[in-house]
Amino acid sequence: MSGYLIKAYAKVNLGLDVVKRLPNGYHQVKMVMQSVGICDELTLEKAEDGIILTADSREVPLDGTNLIYRAAKLMREEFGIREGVRIHLQKSIPVAAGMAGGSTDAAATMKGMNRLFGLNVSLNRLMELGVAIGADVPYCILGGTALAEGIGEKLTALPPMPDCLILAAKPEISVSTKYVYEHLDAEGIRHHPDIDGMVEAIGDGNLPGILERMENVLEAVTVPAWPVVGTLKDRMLALGAERSLMSGSGPTVFGIFTGREKAEAACEQLRKEKLAKQVFLTAPAGAQD
Ligand code: ATP
């Protein structure tokens, strides 16, 4: 076969803190990122010319604003690739959900083109380039469990998080990351999550230590604006999650479970309740090559 199939994994934030608003409007963050088993699939093939993007989803744009297109353009320009590329996206990650769907597709495009065109570019170099597309792209290139600082691009790989199950639920609404950050009073945050403590707990393989530090300061904006997010967090706990949290800027909520039976029952029940449009039972995923 002349093409490559590459999986693009979604993430959740086990912890998300905003340190301050920067003069350029970006925010300095401190987050613990975790890849999960929910993934899009991209098929890449060489083409005669240009960037030809198709998808099985109507929820994503297929023009130059798609992050896949932007990543492919960047790779062609940066490495002087003359041939074209044909990319097909099979979308499974909820869109505008706080799970880095677009960023992970961009990351997979960069990694896929690196292989397809035999460029042999290091992951570090791809990560340096990827930040031009989005602050979460470098992390998506790395994957697994990681501490993200700066605007999200300063990464420290962490040991894998201990075994557990993750129930993720995306309500019908879509939340714009831009809206949430614009409405965050970064200087007014009085309580900051203990991200350093979480990093230590991950190093010790201490799941209770991770769970008790799971906090996301962006909930202060998203939960009052979209109350279904708070309702979902409560439902997860009532259905047996050890802890529940909003991922990124939302609206996806995830719950951590330690027993499969309880997690499967909670998944079935949440699907019946229809509070969420999409419900996935998944697990942490490791770094991919
Ligand atoms: P993050 O967690 O990084 O904030 P998100 O999960 O909230 O991201 P995305 O799914 O990346 O959000 O989508 C945000 C917007 O980006 C969508 O409304 C969509 O129009 C646009 N977009 C561009 N390319 C893609 C892509 N490949 N997949 C999904 N959305 C894309």
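Bear in mind that the values in this text are calculations on the coordinates, not laboratory data. Note that the structure is predicted; figures quoted are calculated from it, not measured. With ideal geometry, Cβ positions are generated from the backbone for all residues, glycine too; neighbour counts draw on all protein chains shown.
Quick notes on this structure:
- Sites Glu212 and Arg82, calculated FRET efficiency, Cβ-Cβ separation with R0 41 Å, nearest 0.05: 0.15
- Three semi-axes describe the equivalent ellipsoid of the chain; taken as square roots of 5 times the Cα gyration tensor eigenvalues and ordered largest first, they are 31, 21, 18 Å.
- Segment 67-225, Rg to Rh (Cα coordinates; Rh as Kirkwood inverse mean 1/r): 1.00
- Taking amide H as placed 1.01 Å from N in the peptide plane, Gly248 has its amide H under 5 Å from the amide H of Asn13, each at least 5 places away in sequence or on another chain.
- Distance violations [Cα-Cα > 21 Å] among Lys7/Lys30; Lys7/Lys46; Lys11/Lys274; Lys91/Lys111; Lys7/Lys111; Lys73/Lys170: Lys7/Lys30; Lys11/Lys274; Lys73/Lys170
- Working note: Karplus 6.51/-1.76/1.60 with θ = phi - 60° gives segment 266-276 the couplings 5, 4, 4, 5, 4, 4, 5, 6, 6, 5, 10 Hz, where Gly and Pro are set to x.
- Each of His183, Met236, Val60 was placed along the dipole of the chain (beta-carbon charges, centred on the mean Cα), and the one lying farthest toward the positive end is Val60.
- Cβ crowding within 10 Å, taken as a proxy for footprinting-reagent exposure, orders Met75, Met110 from fewest neighbours to most as Met75, Met110.
- Remark: the Lys154-Ala265 segment gains 36.1 nm on full extension, using 0.36 nm per residue and subtracting the alpha carbon distance.
- Net +/- balance of residues flanking Val85 in space, Cβ distance below 15 Å, scoring K and R +1, D and E -1: +1
- R0 of 25 Å, Cβ-Cβ distance Asp63-Ala225: FRET efficiency to nearest 0.05: 0.30
- In order along segment 108-124, the phi-based Karplus estimate (6.51 cos²θ - 1.76 cosθ + 1.60, θ = phi - 60°) of 3J(HN,Hα) comes to 5, 4, 5, 5, x, 5, 4, 7, 4, 9, x, 7, 6, 7, 6, 4, 4 Hz; Gly and Pro are listed as x.
- Residues whose amide H comes within less than 5 Å of that of Ile93, counting only those at least five positions distant or on another chain, are Asp40 (H built at 1.01 Å from N in the peptide plane).
- Three principal axis extents of segment 135-289 based on alpha-carbon atoms, in descending order, are 41, 35, 31 Å.
- Of the trypsin sites (Lys or Arg not before Pro) in segment 58-138, the ones in a loop by DSSP (not H, G, I, E or B) with at most 13 other beta carbons within 10 Å are Arg58, Arg82.
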